[in-house]
Amino acid sequence: MWLAFRNGTVYDLRSGNAAVDDPHGGHAWGPERSVRARIVAWLLLDGPPALSGRVSSLKLQGIQITDVLDLAGGTVSPYVELQQCRFEKEVLLPEARFTTVRWVDCSVPRLEAARVHTEGDLHLPRCRFHHGIRLTDAQIGTDLLLNQAVVFRDRRGKSLMADGLSVGQDLQAEMVQTHGEVSLRGATIGVSLSLRGSRLSNTQGRRALNAPQLSVERTLYLTPAGLNPWQTRGTTPALGTRVQSFQCVGGVRLDDGRFGDAVDLDSARFVLENDQEVSLRRVQTPELRFLGERPERGSVVLSGAKVVNLVDQAVSWPGPGHLRMSGFAYESLIPLGPFPLLRRLEWLSAATPEYNPEPYERLASVLRNSGEDADAREVLLAKQRRRRETLPAAAKVWGYLQDWTVAYGYRPGRAAVWMAVLWAVGAFAFRRAAHPPMKPGEGPQWDSTLFALDLLLPVIDLGQASSWQLRGGWQWAAAVMVMLGWTLATTVAAGATRLLRRN
């Protein structure tokens with residue numbers, strides 16, 4: 001091993017039997033395959049110089065490292081690569097500095113690496129950590145790779161503690177299995193964070209993914225991953241490829257997150273208890289792709305979130321009482337698949353178990369800006385109908401009357417029909433009314449049709465209403481015609497104004 005270190009070559013003690021060489025299997029490895037952790041630390045911290053023309057590096061395969069490997073606070077210059085190795089006890093790397101570290105398919109009781117610093121990558125693919133990983137405030141120069149790792153919980157219920165983590169480029173954690181909370185509070189990712197195909201589970205705690213104030217320069221992927229061995233990492237699986245969707249058993253918290261391109265929840269599956277949430281409070285991102293499976297229990301919370309494009313589908317949203325989005329701002333809707341206006345109104349109703357006008361006004365504004373003025377009026381009409389249910393009895397009756405007659409003014413064509421009906425009724429009725437002139441010998445000839453129209457049309461004076469005097473009940477009928485005329489004419493004018501503004 002000493003010579004391999006100086007030569008930069010691999011020191012391999014594998015037997016060639018796959019079952020025996022499996023670091024996660026039940027076969028014991030004897031002293032012939034064991035190296036003391038103190039020797040490994042000696043090589044890494046103060047090893048011999050490289051042979052002439054070579055670069056020293058520690059490359060081990062099929063080795064069992066006994067005792068605790070303690071490199072805390074040390075500076076490790078050589079490149080480190082371990083494949084199919086076993087650690088007998090935990091690995092301590094707090095505040096250590098490395099160039100690049102690559103462990104592949106290793107068995108590690110626990111990795112304690114708070115404030116560790118790497119100039120290059122930290123790769124831990126297919127490793128198994130039996131008591132969790134701690135990367136609190138770690139600084140990874142380029143990529144952090146955890147693909148296909150299996151991470152069990154520590155005594156505090158955490159699988160991965162990486163609060164304050166900083167990664168220069170990508171954090172790839174695809175096809176990962178965790179059995180405790182993944183904590184990324186305040187983490188900063190320089191490019192993208194990928195959890196494609198991962199299975200996060202925390203059945204003994206409130207959250208499986210706890211990442212408030214997470215900052216990702218590009219995209220957060222909670223999407224499927226291809227299972228075929230030739231599937232390229234980090235790409236969309238090709239047609240016909242077997243895929244594994246992202247699944248999270250436990251709550252998700254992404255509050256106050258900032259995502260430069262998108263949050264992608266395509267085909268994501270969330271298994272929640274009644275008191276758990278998929279929380280996206282105050283998230284800011286140009287695009288939210290809410291395309292996962294509908295959670296059977298728990299809640300989806302979008303309160304205060306701000307997105308530009310909301311890409312969604314009707315079957316992804318939870319039912320009434322399980323969706324909250326007060327203050328949720330979006331500028332455009334991009335539905336995938338059928339999402340008629342009736343379903344969109346049901347979506348709003350599900351988000352507002354108690355009446356709240358803001359979500360209705362937001363949706364109406366988005367529809368109006370996209371040229372769907374008729375749909376925007378339907379949304380505002382639905383808002384008035386929801387509001388009516390919160391009013392006292394007398395106001396409810398008046399609301400029903402407004403709805404039945406003029407649809408709260410959002411269907412001006414109905415008001416025009418009512419005006420025509422009233423005009424016809426008035427013209428027929430006023431034929432029987434006594435109509436002495438206001439000034440005998442003056443004024444136009446009596447015409448009940450023009451008289452009824454003069455009463456109905458506000459502002460316009462046809463000379464009939466001011467020339468003839470009605471008495472008794474006919475005076476009351478004329479007063480009612482005038483009031484109804486003002487109401488209906490105002491509704492028609494408002495509808496015409498909206499039409500002209502849109503054109």
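The values are calculated or read from the model by the stated rules, or taken from the named source; none is laboratory data. Note that the structure is predicted; figures quoted are calculated from it, not measured. Positions of Cβ are generated from backbone atoms using ideal geometry, with glycine treated the same way; all protein chains shown enter the neighbour counts. Keep in mind that these areas ignore ligands, DNA and RNA; they rest on the heavy atoms of the full protein, side chains included. Shrake-Rupley method; radii C 1.70, N 1.55, O 1.52, S 1.80 Å.
Listed values, structure above:
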| read-out | value |
| --- | --- |
| Filtered residues of segment 89-104 (kept if farther than 26 Å from ARG155 by Cβ and open to solvent by less than 30 Å² (accessible area, probe 1.4 Å)) | PHE98, VAL104 |
| Matching residues in segment 128-145 - criterion: being under 18 Å from LEU82 (Cβ atoms) and open to solvent by less than 10 Å² (accessible area, probe 1.4 Å) | PHE129, ILE133, LEU135, ILE140, LEU144 |
| Residue check, VAL216 open to solvent by less than 40 Å² (accessible area, probe 1.4 Å), over 21 Å from SER279 (Cα atoms) and either among the aromatic types (Phe, Trp, Tyr) or touching a residue at least 12 places away in the same chain (Cβ under 8 Å) (or both) | no |
| Considering residues of segment 464-489 that are open to solvent by 70 Å² or more (accessible area, probe 1.4 Å) and either among the aromatic types (Phe, Trp, Tyr) or modelled with pLDDT under 70 (or both) only, the residue nearest to the chain's Cα centre (by Cα) | TRP486 |
| Segment 105-121, residues that are open to solvent by 10 Å² or more (accessible area, probe 1.4 Å), closer than 22 Å to GLY62 by Cβ and not in a loop (DSSP other than H, G, I, E, B) | SER107 |
| Residue count, segment 315-335 (criterion: under 17 Å from LEU367 (Cα atoms), buried (at least 16 other Cβ atoms within 10 Å of the Cβ) and among the hydrophobic types (A, V, I, L, M, F, W, C)) | 3 |
| Residue tally, condition of a type in the set (Ser, Thr, Tyr) and within 14 Å of LEU484 (Cβ to Cβ), over segment 452-467 | 0 |
| Enumeration of residues in segment 451-463 that are of a type in the set (Asp, Glu) and either modelled with pLDDT of 75 or more or not in a loop (DSSP other than H, G, I, E, B) (or both) | ASP454 |
| Hits in segment 44-70 - residues which are hydrophobic (A, V, I, L, M, F, W, C) and either open to solvent by 30 Å² or more (accessible area, probe 1.4 Å) or out of contact with any helix residue (DSSP H, G or I) (no Cβ under 7 Å at 6 or more places or on another chain) (or both) | LEU44, LEU45, ALA50, LEU51, VAL55, LEU60, VAL68 |
| ARG297 being part of a loop (DSSP other than H, G, I, E, B), farther than 30 Å from ALA407 by Cα, touching a Leu at 6+ places or on another chain (Cβ under 9 Å) and not β-branched (Val, Ile, Thr) | yes |
| Residues that are without any contact (Cβ under 8 Å) to a residue 24 or more places away in the chain and of a type in the set (Gly, Ala, Ser), drawn from segment 425-456 | GLY441, SER448 |
| Qualifying residue in segment 428-450 (condition: within 30 Å of LEU380 (Cβ to Cβ) and modelled with pLDDT of 70 or more) | no |
| Those strands (runs of 3 or more DSSP E) lying entirely in segment 248-290 with at least 1 residues among the charged types (D, E, K, R) and within 16 Å of VAL216 (Cβ to Cβ) | 251-253, 262-264, 284-290 |
| Per-region count, segment 439-463, residues surrounded by fewer than 12 Cβ atoms within 10 Å (Cβ to Cβ) and among the aliphatic types (A, V, I, L, M) | 2 |
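A quick yes/no check of all residues on (1) buried (at least 24 other Cβ atoms within 10 Å of the Cβ); (2) modelled with pLDDT under 95; (3) not small (Gly, Ala, Ser):
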{"site": "GLN169", "(1), (2), (3)": "no, no, yes"}
{"site": "HIS179", "(1), (2), (3)": "no, no, yes"}
{"site": "SER194", "(1), (2), (3)": "yes, no, no"}
{"site": "GLN204", "(1), (2), (3)": "no, yes, yes"}
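Let's see how each residue does on (1) farther than 20 Å from PRO224 by Cα; (2) under 11 Å from the mean Cα position of the chain (by Cα):
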| site | (1), (2) |
| --- | --- |
| GLY257 | yes, yes |
| VAL278 | no, yes |
| ARG281 | yes, yes |
| GLN313 | no, no |
| GLU331 | yes, no |
| LEU342 | yes, no |
| TRP347 | yes, no |
| ALA350 | yes, no |
